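First up is the structure itself, then whatever we jot down about it.
The values are calculated or read from the model by the stated rules, or taken from the named source; none is laboratory data. The shown structure was predicted, so the numbers you read here are calculated from the model rather than taken from an experiment. Please note: Cβ atoms are built from the backbone with ideal geometry, for glycine as well, and neighbour counts cover all protein chains shown.
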Amino acid sequence: MQFPCPNASCTYQFDHQLLPPAAIVTCPLCMHRFTYRVEQFFPELAANQGIQDASSAKSTGKVDQELSFDVLLANPEESDQPVMDRVVRRGIQKPEKSYLTYVMVGFFGVALLLMIVLLLRNSKTSYFGGAPINNKYPVFNFLFDLKTREWESDDSIRGKEGGVNVNTFSLKNKNQDAWTAMYAEDFSTRNPRPQELQYRVMERLRGYFRGLETQEIPDITWAGQKAKAMQFSGSVDGKAMRGTVYQMIFKGIGYIFFEWASEDLYAGMSTEFAKVRESFSLGNYRDDWKEKQSNRLVFSPADAAYQVIDEDGVWIAAVIGVENPNPGRKKQLYTDPKEEDKRATMIFEGENPRPKTKTQRGILAKTAHGIVVELSESGDPIKAAKNFAISRFKKLYSAGMEKGEVTISLEEVEKSPSETALPSEGTPIARFLVKNSIDKSQRNYVVVSALPVDNKIVVLMLDCTWADAEVMEPFMIHFAETLQRK
């Protein structure tokens, strides 16, 4: 005999022969749970078999894991037959198929799949664990719509340890040993100073590539903006690599794009690299951005026809005829330039801007010094600047010595300590290593620039210890090249 599930919306039929006289049953189709007693569902059958009302009997529960419903037997102790043997193990009646249920499950499955596909294709969220095919980065005001399927995300090159330390996307070519990655930094209300971005470039290159060598590439544009580029070579885990790094500034954000491959593959990857680079475009998330902090500070003696410009926020000055040459700077320099040299019109002190991260503080607190003199001579400006540097260091090294003549030598620096190239045009610039014949451990790094002005040669000389040159050289070179006529 069969009876229907008490759930009116369910079509399942129970066979009473599969159930004990009393049980708590769970329907295998709709999962409805109810108490079953044979005298309630089949009174006549219960009377014929002499089954009494089980409501007052003791009950204990057992679950047979082979059944699809739970069974709670009444009065199990009143039978000599083991409890589990009294649960019939012939299985349960297979329910009739509910085609409506299958259709609904299929419909929701297809809808869920379509939703996942659409989310993946139209992702608009900043994604810092690698780059999907297309993505928007409103925080850094750019879009990245990858125009080639030959690349995949590679998080192994993202970190500071064992990577190039980037924070947007990092990709590896699926078929070749070639990589691209990009770093971006928001400088808030101002544009990054040129050497700030250059320092971040070199810090990342030196941290990943061994035996690094670089060479600047002139006249570069990227994403429709004027940019700087530099070819580089080095090794990673003993394997020779070659690549190019691009840097650009736009509305308060600095962008650095790296591309590199094994040395034998780099030339052949140029088309693929270009596709990735062209996948980057600037956004419109900063249309209302305006710079609120000036990067430039111009230094010029009163009534002079020349000037130098600090665009890096590194230098403070004492200037002849100017009461406050350092507006907006926390530090001031009160030394009279004439105390340094009777021909001096300006003197400078520079300190590398300390980065925000605590781990980098201290090791980067480097300094440099500078002086501008007007030499009453003519001829080659750089030769005049070199002679001035020799005489100045001879005076500095001889101070306090009772005997012995100091010999000063200037050796032209062929390999830059910071991998910074000298400008190829503009004001003539040179750099030297200064050596002292008395104390060979005393070595200085010098950058000079010079130009003729009004029958004189104006010389800007900047110097630091050789130990500080790796950090200070980019700022010194950038400052020296700003010496110009008004």
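Quick look at the numbers
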{"read-out": "Residues being in contact with a Phe, Trp or Tyr (Cβ under 8 Å, 6 or more places away or on another chain) and more than 15 Å from PHE258 (Cβ to Cβ) - total across segment 270-285", "value": "3"}
{"read-out": "Members of segment 314-334 found to be crowded, with 21+ Cβ neighbours inside 10 Å and either in a loop (DSSP other than H, G, I, E, B) or among the charged types (D, E, K, R) (or both), listed by number", "value": "VAL314, PRO325"}
{"read-out": "All positions within segment 222-241 that are among the small types (Gly, Ala, Ser) and outside any strand (DSSP E or B)", "value": "ALA223, GLY224, GLY238"}
{"read-out": "GLU377 being over 19 Å from GLU473 (Cα atoms), among the charged types (D, E, K, R) and touching a residue at least 40 places away in the same chain (Cβ under 8 Å)", "value": "yes"}
{"read-out": "Hits in segment 302-313 (condition: outside any strand (DSSP E or B) and in contact with a strand residue (DSSP E or B) (Cβ under 7 Å, 6 or more places away or on another chain))", "value": "ALA304, ALA305"}
{"read-out": "Residues located in segment 176-196, provided they are within 16 Å of the chain's Cα centre (by Cα) and either assigned to a strand (DSSP E or B) or under 25 Å from MET269 (Cβ atoms) (or both)", "value": "TRP179, THR180, ALA181, MET182, TYR183, ALA184, GLU185, ASP186"}
{"read-out": "Residue in segment 410-424 that is hydrophobic (A, V, I, L, M, F, W, C) and crowded, with 20+ Cβ neighbours inside 10 Å present", "value": "no"}
{"read-out": "Conditions (1) surrounded by fewer than 19 Cβ atoms within 10 Å (Cβ to Cβ); (2) over 27 Å from PHE142 (Cα atoms); (3) not assigned by TED's automatic domain parsing to the domain that holds VAL459; number of the one not met by SER270", "value": "(2)"}
{"read-out": "Inter-residue pairs, beta-carbon under 6 Å, first basic (Lys, Arg) and in segment 158-186, second assigned to a strand (DSSP E or B) and at pLDDT below 95, 6+ apart", "value": "ARG158/SER170; LYS174/GLU152"}
{"read-out": "Residue check for PHE128: modelled with pLDDT of 90 or more and out of contact with any helix residue (DSSP H, G or I) (no Cβ under 7 Å at 6 or more places or on another chain)", "value": "no"}
{"read-out": "Residue within segment 298-319 that is closer than 30 Å to LYS239 by Cβ and either touching a helix residue (DSSP H, G or I) at 6+ places or on another chain (Cβ under 9 Å) or in contact (Cβ under 8 Å) with a residue 24 or more places away in the chain (or both) present", "value": "no"}
{"read-out": "Residue that is surrounded by fewer than 19 Cβ atoms within 10 Å (Cβ to Cβ) and part of a loop (DSSP other than H, G, I, E, B), where the choices are PRO28, PRO20", "value": "PRO28"}
{"read-out": "Scan of segment 451-471 for residues that are assigned to a helix (DSSP H, G or I) and over 21 Å from ILE390 (Cα atoms), ordered by number", "value": "GLU470, VAL471"}
{"read-out": "Single condition ILE249 does not satisfy, out of (1) in a strand (DSSP E or B); (2) free of Cβ contacts under 8 Å to residues at least 40 places away in the same chain; (3) aliphatic (A, V, I, L, M)", "value": "(2)"}
{"read-out": "Candidates GLY254, GLY328, filtered to the one that is under 29 Å from ASP468 (Cβ atoms), in the same structural domain as LYS239 (by TED's automatic domain parsing) and small (Gly, Ala, Ser)", "value": "GLY254"}
{"read-out": "Candidate set: segment 335-357, residues that are surrounded by fewer than 16 Cβ atoms within 10 Å (Cβ to Cβ) and among the acidic types (Asp, Glu); chosen: the one nearest to LEU197 (Cα to Cα)", "value": "ASP336"}
{"read-out": "Residue match in segment 220-236 (condition: of a type outside the set (D, E, K, R), buried (at least 16 other Cβ atoms within 10 Å of the Cβ) and under 15 Å from the mean Cα position of the chain (by Cα))", "value": "no"}
{"read-out": "Any hit, segment 407-417, residues being without any contact (Cβ under 8 Å) to a residue 60 or more places away in the chain, closer than 27 Å to TYR306 by Cβ and assigned to a loop (DSSP other than H, G, I, E, B)", "value": "yes"}
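One line per residue, one yes/no per condition, for (1) in contact with a Ser or Thr (Cβ under 6 Å, 6 or more places away or on another chain); (2) of a type in the set (S, T, N, Q); (3) over 27 Å from PRO353 (Cβ atoms):
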{"residue": "LEU197", "(1), (2), (3)": "no, no, no"}
{"residue": "TYR208", "(1), (2), (3)": "no, no, no"}
{"residue": "THR221", "(1), (2), (3)": "no, yes, yes"}
{"residue": "GLY238", "(1), (2), (3)": "no, no, yes"}
{"residue": "GLN247", "(1), (2), (3)": "no, yes, no"}
